[in-house]
Ligand SMILES: Nc1ncnc2c1ncn2[C@@H]1O[C@H](COP(=O)(O)OP(=O)(O)O)[C@@H](O)[C@H]1O
Ligand SMILES: [Mg+2]
């Protein structure tokens, strides 16, 4: 399943956007244009739907409350609206449509209430839920919860709730893995920074583990040609999980290295690739180009695609990026790019225009055609003290 359309109203810096999405979504835009906020809406749906510690109230509270979430440009309209369409496959008609509107109750407790919630089964043309329902009117408490988070009310659209609950966000921070011992065990909920990455590998059945690491090693060879025999190993004394690989170099006695000796970029790529092979749900990736040499960044799209192709289930991925090198790759489908443009009236989200698609199919790259529009407008006029 994949999200093929996203409509937002008053979500953080997005006052109104409506975009179609594909199997990969490259979210580009200047600093602070809302790339992370764009991904966050899907983490928010996950936080509502997830089985443990889920729910609308907590999801809003964890983000600092409605005053932080509601778009500052929203003026009178107090409602935040999220609407998604979901398809089984890219380029096939949508099968589900889910809308959720919510706002602040405006009384002392500052609870959040559901202003509307709607689930449409588009295959059978049936509206499975249309709130407010009678129960919402007779018992106002009902309106503090969505039906996504209630297993007794989401029976007919459990598939949809599960899809949201399994959304994964990954912004792997190599230092947190490398210095796990010194940092102690503290970890954020849902592990956004990939600290549990090695444990996830450890928990995977041995055969699957080996076959995944083999696939990863093969693809990773493009970036780290002297690395081989990537394998999982438990520390014999401490029992901690590790990855290690053999590095061939000019010395005759090539050496085994552990993940704390891998380069940051290698470790991040490893985490991303593992995630692509691991699940079937939507994967959100922040800036995969970080810590990587430009020549490798140029290959990222191919690396991702190669992993997606080898996976049992192909995950939809949303990728935020700044990188010109990444977007130079001519094998990226320009329809996969969503360009964010900050505006006085909230950030706009653009699909690639017909005109730009023509230029790109005529041989120009996304970096040449679309990226220049995603640069900060006044960059040239910046009066930097060291100039
Ligand atoms: N409720 C809101 N209304 C308007 N703007 C917001 C709101 N919440 C956050 N922002 C703005 O969003 C921007 C940060 O977006 P972010 O997604 O982190 O950007 P990026 O990832 O593209 O660098 C900041 O400029 C912040 O002021
Ligand atoms: Mg960001």
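Values quoted throughout were computed directly from the atomic coordinates according to the rules given, and no laboratory measurement underlies them. All values reported here derive from a predicted model rather than from experimental measurement. With ideal geometry, Cβ positions are generated from the backbone for all residues, glycine too; neighbour counts draw on all protein chains shown.
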Item to check | 17 Å cut-off, amide nitrogen to a point 7 angstrom out along residue 75 Cα→Cβ, residues in region 336-376 | outcome: 343-347
Next on the checklist: Under a crude label model (7 Å from the Cα following the beta-carbon direction), how far is residue 293 from residue 107 in nanometres?
Outcome noted: 6.4
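Relative contact order of region 260-307: what whole-number percent is it, with Cα pairs under 8 angstrom and at least 6 residues apart?
On the way: 21 pairs, mean separation 21.5, N = 48.
Worked out over region 260-307, it gives 45 percent.
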Item to check | Separation of alpha-carbon centers, region 173-227 and region 1-63, rounded to whole Å | outcome: 26
Item to check | Relative contact order of region 256-387, defined on C-alpha pairs under 8 angstrom at six or more residues apart (%) | outcome: 20
Next on the checklist: For the chain, take the longest principal axis of its alpha carbons; what is the angle in degrees between that and the long axis of helix 35-49, to the nearest 10 within 0 to 90?
Outcome noted: 70
Checklist entry - Between residue 134 and residue 179, what FRET efficiency follows from the Cβ-Cβ distance if R0 is 56 Å, with the result rounded to 0.05? => result 0.50
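Could you give the length gained on full extension between residue 309 and residue 156, defined as 0.36 nm per residue of separation minus the Cα-Cα distance, in nm? Before the final figure, lay out each step's value.
Details: separation 153, 0.36 × 153 = 55.08 nm, distance 3.16 nm.
The residue 309-residue 156 span can extend by a further 51.9 nm.
Over all alpha-carbon pairs in the chain, figure out the percentage whose distance exceeds 27 Å.
Details: 40618 of 74691 pairs.
Taking all Cα-Cα pairs of the chain, the fraction more than 27 Å apart is 54 percent.
What list do you get for 284, 357 if you sort them by fewest beta carbons within 10 Å? Before the final figure, lay out the partial values.
Values: 284 25, 357 16.
Ascending Cβ contact count within 10 Å gives the list 357, 284.
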Next on the checklist: Report the rotationally averaged projected area of region 202-248 based on its alpha-carbon convex hull, in square nanometres.
Outcome noted: 3.5
Checklist outcome for this item: For the chain, longest principal axis from Cα atoms; helix 264-278 axis from its Cα atoms; angle between them, nearest 10 degrees, is 60
Checklist entry - Relative to the first principal axis of the alpha-carbon coordinates of the chain, what is the inclination of helix 300-310, with its axis defined by its Cα atoms, in degrees from 0 to 90 and to the nearest 10? => result 80
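Between residue 206 and residue 357, what is the FRET efficiency for a Förster distance of 56 Å, r being their Cβ-Cβ separation, to the nearest 0.05?
Values: r = 46 Å, r/R0 = 0.82.
After rounding to 0.05, the efficiency reads 0.75.
Out of all DSSP beta bridges with both ends in region 161-312, state the antiparallel percent to the nearest 5.
Working: 10 of 13 bridges.
The answer is about 75 percent antiparallel.
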Next on the checklist: Highest mean first, how do 229-235, 79-85, 317-323 rank when packing is the count of other Cβ atoms within 10 Å averaged over residues?
Outcome noted: 317-323, 79-85, 229-235
Checklist entry - Tell me, in nm to one decimal, what length is gained between residue 235 and residue 254 on full extension, where the rule is 0.36 nm per residue of separation less the Cα-Cα distance? => result 4.8 nm
Item to check | Peptide ranges 236-244, 96-104 listed from the most packed, as the mean C-beta count within 10 angstrom indicates | outcome: 96-104, 236-244
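Using only DSSP helix segments of four residues or longer, with each worth -39500 (n - 2.57), what per-residue ellipticity at 222 nm results for the chain after dividing by its residue count and rounding to 500?
Here the helix-only value at 222 nm equals -8000 deg cm²/dmol.
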Checklist entry - Between residue 67 and residue 31, what is the spin-label point distance in nm, taking each point 7 Å from the Cα along the Cα→C-beta axis? => result 2.7
Item to check | Antiparallel bridges, percent of DSSP beta bridges restricted to the chain (to nearest 5) | outcome: 75
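Would you work out the relative contact order for region 40-170, in percent, from Cα pairs under 8 angstrom that are 6 or more residues apart? Before the final figure, lay out the partial values.
Numbers: 203 pairs, mean separation 34.8, N = 131.
It rounds to 27 percent for region 40-170.
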